[in-house]
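Since the structure comes first, as structure tokens, the remarks are kept for the end.
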Amino acid sequence: MQRRIRVGGAGLSLMALGLIAVVLAAVVPVMATGRGSTAAGAAGVGPFAGDFTDIRAVAVTAEPAPGPGASTGTVTESCGRDEEGHRNSDNLVVSPGLAHGAHHTHDYVGNLSTNAFSTDASLAAAATTCTDGDRSTYYWPVLRRQDRPGTDSHAPGGGEHGNLGQILRPASVTVEFRGNPASAVVAMPRFLRMMTGDPVAGTQGLSDARAQWGCAGFPGRHTMLYPRCTDGSRITRTLDFPGCWNGLDTDSENHHSHVRLATADGLCPPGTFPVPQLRLVVAYDVPEGVPIALDAFPEQLHSPVTDHAGFVDVMTDRQMAAVVRCLNDGRHC
């Protein structure tokens, strides 16, 4: 829609234009800087100064103590750190059948075939990066350094959707399944789909946000903001998935209702059952002072609160049974 300003004469027109210029000069910097100012934030695309915090200012949060019936074991898989460069801007869980439906780029470990058009059958037949043969799919948005150009500056998921900069390859990726601090766990069904976090939390609020940023060497300190780490320690992203399942469905319309988060002491909501709880920890070597940004929908302005991840369980029944036994026996496998 065009807006027209009508003026009565040449003198008034010049005065009006001058007033508009003054107002714009005052307002535009405020709009551009938003929550603060960084080199990227000054351009109005984020992230902003208020999106960062010193890790030393973040309080330590302790894990809940296990109860007498807890399943205290852990299972850690070796699935690499996406050395293969398996990336795309699809989201098989949320947007199946829609190419570039994520509008940002995901890194993957595990199943090497995953894209928007994957099926249960294609996933079950594909190769995997996991050394134990687990064909499950694990994925999350890439992290970029904004001071270097990316190779996808004109591609979907990259510059075409406002995600600019060089993609940082993770320094390490930990795939871990944990027990429940209150009880034994039961097996997940094959092809169970899950998401954690909220990719629109920057505009829709934090009720479903699960971002946990941290720094190596600072255990228990998690924040929803980008951390400023000290002494060259790695930036970490801890992505905890729900650990309670409704016992019926492998997915739901909103991709959340069939699985739930346990309470702080490990209790599952009524009508749900404790299952192996997936935790992904993705770490990066980022030189001090390098500007970083999480891939996101354009309107989210690269907010760190939008961190999220997806998972499709493609373990065989035998593999899942081994995970359950290890967790319930209190072993570390």
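Being surrounded by fewer than 21 Cβ atoms within 10 Å (Cβ to Cβ), farther than 24 Å from Thr72 by Cβ, modelled with pLDDT under 95 and in the same structural domain as Ala57 (by TED's automatic domain parsing) is a property that does not hold for Gly271. So, Arg325, is that one of a type in the set (Lys, Arg), in a helix (DSSP H, G or I) and over 30 Å from Asp90 (Cα atoms) or not? In short, yes. Would you check if Pro291 is touching a helix residue (DSSP H, G or I) at 6+ places or on another chain (Cβ under 7 Å), within 27 Å of Gly157 (Cβ to Cβ) and surrounded by 17 or more Cβ atoms within 10 Å (Cβ to Cβ)? For Pro291, the condition - touching a helix residue (DSSP H, G or I) at 6+ places or on another chain (Cβ under 7 Å), within 27 Å of Gly157 (Cβ to Cβ) and surrounded by 17 or more Cβ atoms within 10 Å (Cβ to Cβ) - is not met.
Number of residues in region 158-201 that are touching a residue at least 60 places away in the same chain (Cβ under 8 Å), of a type in the set (Gly, Ala, Ser) and either surrounded by fewer than 22 Cβ atoms within 10 Å (Cβ to Cβ) or not assigned by TED's automatic domain parsing to the domain that holds Leu92 (or both) equals 7.
Yes or no, residue by residue, for (1) outside any strand (DSSP E or B); (2) over 29 Å from Phe48 (Cβ atoms); (3) out of contact with any Cys (no Cβ under 6 Å at 6 or more places or on another chain):
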{"position": "Asn91", "(1), (2), (3)": "yes, no, yes"}
{"position": "Asp134", "(1), (2), (3)": "yes, yes, yes"}
{"position": "Tyr139", "(1), (2), (3)": "no, no, yes"}
{"position": "Arg148", "(1), (2), (3)": "yes, no, yes"}
{"position": "His154", "(1), (2), (3)": "yes, no, yes"}
{"position": "Gly157", "(1), (2), (3)": "yes, no, yes"}
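Listed by first and then second residue, the pairs with beta-carbon distance under 8 Å, at least 6 apart or on different chains, first residue in region 284-299 and outside the structural domain of Pro199 (by TED's automatic domain parsing), second aromatic (Phe, Trp, Tyr), form an empty list.
Considering every residue within region 211-225, establish whether at least one is closer than 25 Å to Asp317 by Cα, among the hydrophobic types (A, V, I, L, M, F, W, C) and touching a strand residue (DSSP E or B) at 6+ places or on another chain (Cβ under 7 Å). Looking for residues that are closer than 25 Å to Asp317 by Cα, among the hydrophobic types (A, V, I, L, M, F, W, C) and touching a strand residue (DSSP E or B) at 6+ places or on another chain (Cβ under 7 Å), one finds none in region 211-225, hence no. Among the residues of region 114-124, is there at least one that is small (Gly, Ala, Ser), in the same structural domain as Pro276 (by TED's automatic domain parsing), in a loop (DSSP other than H, G, I, E, B) and crowded, with 24+ Cβ neighbours inside 10 Å? No, region 114-124 has no match at all. Selection of strands (runs of 3 or more DSSP E) fully inside region 208-259 by the criterion of at least 3 residues being β-branched (Val, Ile, Thr) and touching a residue at least 24 places away in the same chain (Cβ under 8 Å) returns 235-240. Quick one: would you say Leu225 is in contact with an Asp or Glu (Cβ under 8 Å, 6 or more places away or on another chain) and modelled with pLDDT of 95 or more? So Leu225 passes the test.
Cβ-Cβ distances below 8 Å connect the following pairs, each with a first residue in region 305-333 that is on the phi > 0 side of the Ramachandran plot, a second residue that is surrounded by fewer than 19 Cβ atoms within 10 Å (Cβ to Cβ), and a separation of six or more residues or different chains: Gly330/Thr72. Annotation for region 144-157: at least one member residue is at pLDDT 95 or above, farther than 22 Å from Pro304 by Cβ and of a type in the set (A, V, I, L, M, F, W, C). Restricting region 200-237 to residues that are polar (S, T, N, Q) and in contact with a Phe, Trp or Tyr (Cβ under 8 Å, 6 or more places away or on another chain), which is nearest to Leu301 (Cα to Cα)? Applying the filter and picking the extreme gives Thr223.
When we screen Pro304, Pro276 for residues that are crowded, with 19+ Cβ neighbours inside 10 Å, of a type outside the set (Ser, Thr, Tyr) and under 30 Å from Pro149 (Cβ atoms), the only hit is Pro304. Taking region 230-288 as the range and being farther than 28 Å from Pro66 by Cα, within 23 Å of the chain's Cα centre (by Cα) and acidic (Asp, Glu) as the test, the residues that pass are Asp251, Glu253, Asp285, Glu288.
The values are calculated or read from the model by the stated rules, or taken from the named source; none is laboratory data. The model shown is predicted, which means the values in this text are computed figures rather than measured ones. Virtual Cβ from ideal backbone geometry, glycine too; neighbours counted across all protein chains shown.
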